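Data first, discussion second: the structure below is written as structure tokens.
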Amino acid sequence: MRRLVVRFMLSHLVVAIVGGAVTFAVVLALAPRLFDEQMGMGQGPGMGGGQGGGFGQSLRASFASAVTNSLVLGTLTGAVVAALAGALLARQLLRPLSRVGTAVGELARGNYAHRVPVPRETELASLVLDVNALAGELEATESRRLHLLSEVAHEMRTPLTVIDGYVEGMIDGVLPTEPEQLGQVSAEVRRLRRLSDDLSALSRAEEGRLNLAPTVVQLDDLASAVVDRLRTQAEDAGLTLSVLPGAGTVRIDADRTVQVLTNLVGNAIRATAPGGRITIWGGHREGRSVLTVTDTGQGLAAADVERIFERFYRVPSTAPSSDGSGIGLTVSRAYMRAQGGDLIASSPGLGQGSTFTATFPR
């Protein structure tokens, strides 16, 4: 009784029996009366008594018996046909559900490429489309996971190779154990640590586990503090670093926001040639506070404006000299979106500088 096929069949059978019973009752009640009216029973001398009356009564009884037998036979036949039709229709309707069950089993086994044909029925089609959409998302997630593992392995390979080479050289006596060589090993270890920290931060941000601590913050003061801290680094690179206030007060996590601004300014310093300028502009846009980091550096190609937020993607011209993990902008955007804001990039083109706009919640 728990199977839908049986329930569909029984529902058709019950409908057929109820319909037959109602028909039987109505015909049984009305047929004799209508027969009498049509035959004129009791109104004429020939049909009302004597032999004629007896013949009429016999004819009436035969008619009633024939009608009753026909109704019983018809009801039984209708019930059987309804049960068979219910079973066939149930199988037809439940076939897409069976396919959905098969698809869910395939997804559970890791076959995310499996898809279910979309049926004609609107409700079932909606269910199938949802299952197919789930399969697509799982397939994309698995693809990103495998790609991330490959990228992490690639990023770790270079510093580990350098560390291994220096350590083996020192063990074999080929390289002296002096501050210069140990400094190279230490630099690669720091690079691995940064990679680990960035990956951990990205994971927490994407999974919603950032544990934000929002407070009322004056964005202009925050930007000024970041500029003061990085001004020496900018001056050493021959750059002018300044801030123009106007962003006002918002409620955000100050530490996460400082990390975002520090990353944006640090990237701008690396991407700008000596003599260039980096400016943090504060302002409002569509009722929201914004901080815009603008530089006069190498700029971005149209194809790179969005790709720079992908994990481990580096603009080709800066990749060889970059010592970052390659996911700083990914983490920064994740931080901003976790706070209800956003981070976008724009550039007029290569050699014309770039602009990064951090939008904060109302």
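Just a few scattered comments:
- Overall Cα dimensions of region 116-160 - principal axes, largest extent first, Å: 57, 12, 6
- Here the calculated FRET efficiency for residue 81 and residue 130, from their Cβ-Cβ distance with R0 = 25 Å, stands at 0.10, rounded to the nearest 0.05.
- Gyration tensor verdict on region 121-264 (Cα atoms; rounded if a/c is under 1.5, prolate if a/b is larger than b/c, oblate otherwise): oblate
- Full-extension gain in nm, residue 167 to residue 181, via 0.36 nm per residue minus C-alpha separation: 4.1 nm
- The calculated pair-distance distribution of region 215-359 uses every alpha carbon pair, bins of 5 angstrom beginning at 0, and gives 2, 10, 21, 24, 22, 14, 6, 1, 0 percent.
- Among 112, 335, the order by Cβ neighbours within 10 angstrom, fewest to most, reads 112, 335.
- For region 346-362, no residue has its backbone nitrogen under 16 Å from a point 7 Å from the Cα of residue 224, taken along Cα to Cβ.
- Note, ³J(HN,Hα) from phi for region 111-122, Karplus 6.51, -1.76, 1.60, rounded to Hz, x at Gly and Pro: 8, 7, 7, 5, 10, 10, x, 7, x, 7, 5, 4
- Restricting attention to region 227-342, close to 60% of DSSP beta bridges with both partner residues there are antiparallel.
- Pairwise FRET efficiency - residue 204 versus residue 244, Cβ, R0 = 35 Å, nearest 0.05: 0.60
- Global form of region 143-206, assessed from the alpha-carbon gyration tensor, a/c cut-off 1.5: oblate
- Order of 327, 308 - criterion: other Cβ atoms within 10 Å of each residue's Cβ, fewest first: 308, 327
- Rounded to whole Hz, the Karplus (6.51, -1.76, 1.60) HN-Hα couplings of region 341-354, x for glycine and proline: x, 7, 9, 10, 10, 8, 6, x, x, 4, x, 10, x, 9
- Relative packing of 182-189, 224-231, which averages over residues the other C-beta atoms within 10 Å, highest first: 224-231, 182-189
- Packing-based ranking, highest mean first, of 191-203, 258-270 given that Cβ atoms within 10 Å are counted: 258-270, 191-203
- Rounded, prolate or oblate (a/c below 1.5 giving rounded, otherwise prolate when a/b exceeds b/c) for region 264-307 by Cα gyration tensor: oblate
Any read-out appearing in this document is the output of simple, stated calculations on the displayed coordinates, not a laboratory observation. Not measured: the values here are computed from a predicted model. Neighbour counts run over all protein chains shown; Cβ positions are idealised from the backbone, glycine included.
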